[in-house]
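Down below is the structure, laid out as structure tokens.
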Amino acid sequence: MSASAPTNAPAQVLRPDRRRNRLGYNILALVTAGLMAFPVYWLIVSSLRPNHEIRSYDQTLWPSSLTFDNFARAVKQDNFATAIQSSLIVSITAVLGGMIIATLAALAIGRFRFFGRKALMMVMILVQMLPPTAMLIPIYLQLNAMGGIDEYWGLIVVYLVSTLPFATIMIRGFVINIPVELEESAMVDGCTRMGAFRRVIFPLLAPGLAAASIFALVNAWNEYLFAYILINDNSKYTLNVWLMTFTTERGTDYGALMAASTLISIPVVIFFMIIQGKMATGLTSGAVKG
């Protein structure tokens, strides 16, 4: 009895401290989550407020009256349908093209040993550290010389190239975690190299492709700077550039602007909620090695 008392005493003393620490961390997490969620809440609430209440200096956390007129004006705004079409064309094409090229590059870097492989990885990491504004003028001059201004393909190329380094590095983490023996066994059983990739490698890369495609889609869907500079035709505006049409010489229609911003956010949120499980699996699995 006397020997067991000293061993139990420290546990009884430390347990309340651990509970207080856990409570403190939980409170800090809730406060942080609330601060991050408040702008989204304010966006949605403002989209439901009448315009006179939005412009009022006496703001409340909940509108005194709800209205859906802001959404009606947003949908009826000029070029709404064409802006959706432009964003879908640019985003989907850039994501699909980027994932195909990134997968091939990741396979080459992860499976083969060639001169300059490590230098190539370092260059891709360094490119990710460059701010987009530093590359804006060279990209504009190059696309202007190639006739890519006011063309979908010019913006698609920019989004595709901007996602390649990150997607390649992420997918490479999956490639090097797949044993080479699986591919060799499939080829011994009669598969070609492409058949082994399709039957063995590609299913194992699916979580990584899902995670990389999420980041690529969010980047392309929410990007504003390059879309504003490279597209000057009103009929080809993407959704983020189209939001500028709510600001005119007579002022800004804040209610319709908030409603349109809410509508633009819905597709990405739904897509993220559908595949968030695969995205989390992809992030953790691809970070195990390499």
Taking trypsin sites (Lys or Arg not before Pro) as exposed when in a DSSP loop with at most 15 other Cβ atoms inside 10 Å, the chain has its longest clean stretch at 114-249
If you look at just the Cα atoms of region 27-81, how large are its Rg and its Dmax in Å?
14.4, 46
Would you mind working out the magnitude of the charge dipole of the chain relative to its Cα centre, with +1 at each Lys and Arg C-beta and -1 at each Asp and Glu C-beta, to the nearest 20 Debye?
1140 debye
Expected unfolding gain across Arg22-Met121 under the 0.36 nm per residue rule, minus the alpha-carbon gap, is 31.6 nm
In debye, nearest 20: dipole of region 107-257 around its Cα centre with unit charges on the Cβ of K, R (+) and D, E (-)?
580 debye
Using bins 10 angstrom wide from zero, how does P(r) for region 50-148 break down, in % of all Cα pairs?
11, 19, 25, 18, 16, 9, 2
When the Cα centres of region 16-44 and region 59-99 are compared, how far apart do they sit, in Å?
30 Å
Can you divide the C-alpha Rg of the chain by 2.2 N^0.38 Å and report the result to two decimal places?
1.34
Ignoring ligands and nucleic acids, what accessible area does Ser91 show with a 1.4 Å probe (Å², nearest 10)?
0 Å²
Pick from Ala216, Ala72, Ala105: which residue has the top mean-square fluctuation in a GNM of the chain where Cα pairs under 10 Å get a spring?
Ala72
Based solely on C-alpha atoms, express the radius of gyration and the Dmax of region 60-103 in angstrom.
17.9, 52
Quick one: if you stick a label point 7 Å off each Cα along the C-beta vector at Asn222 and Arg199, how many nm between them?
4.2 nm
Indicate the helices, whole DSSP H runs only, in the chain that combine a mean Kyte-Doolittle hydropathy of 1.0 or more with a Cα extent along their long axis of 27 angstrom or more.
80-111, 152-175, 202-222, 254-286
DSSP loop chymotrypsin sites (Phe, Trp or Tyr not before Pro) with at most 11 other Cβ within 10 Å excluded, longest remaining stretch of the chain:
116-290
With unit charges on the beta carbons (Lys and Arg positive, Asp and Glu negative) and the dipole taken about the Cα centre of the chain, which residue among Gly34, Met187, Ser162 sits farthest to the positive side?
Met187
Treating only the Cβ of Lys, Arg, Asp and Glu as charged (+1, +1, -1, -1), what charge dipole size does region 47-120 show about its Cα centre? Round to the nearest 20 debye.
700 debye
Can you give the Rg to Rh ratio of region 209-275, both from alpha-carbon atoms, with Rh computed by the Kirkwood formula?
1.04
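The values are calculated or read from the model by the stated rules, or taken from the named source; none is laboratory data. Model, not experiment: these values are computed from the prediction. Note that each Cβ is placed from the backbone with ideal geometry, even for glycine, and that neighbours are counted across all protein chains shown. Ligands, DNA and RNA are stripped out before the accessible areas are found, and what is left, the full protein with its side chains, is counted by its heavy atoms. Shrake-Rupley method; radii C 1.70, N 1.55, O 1.52, S 1.80 Å.
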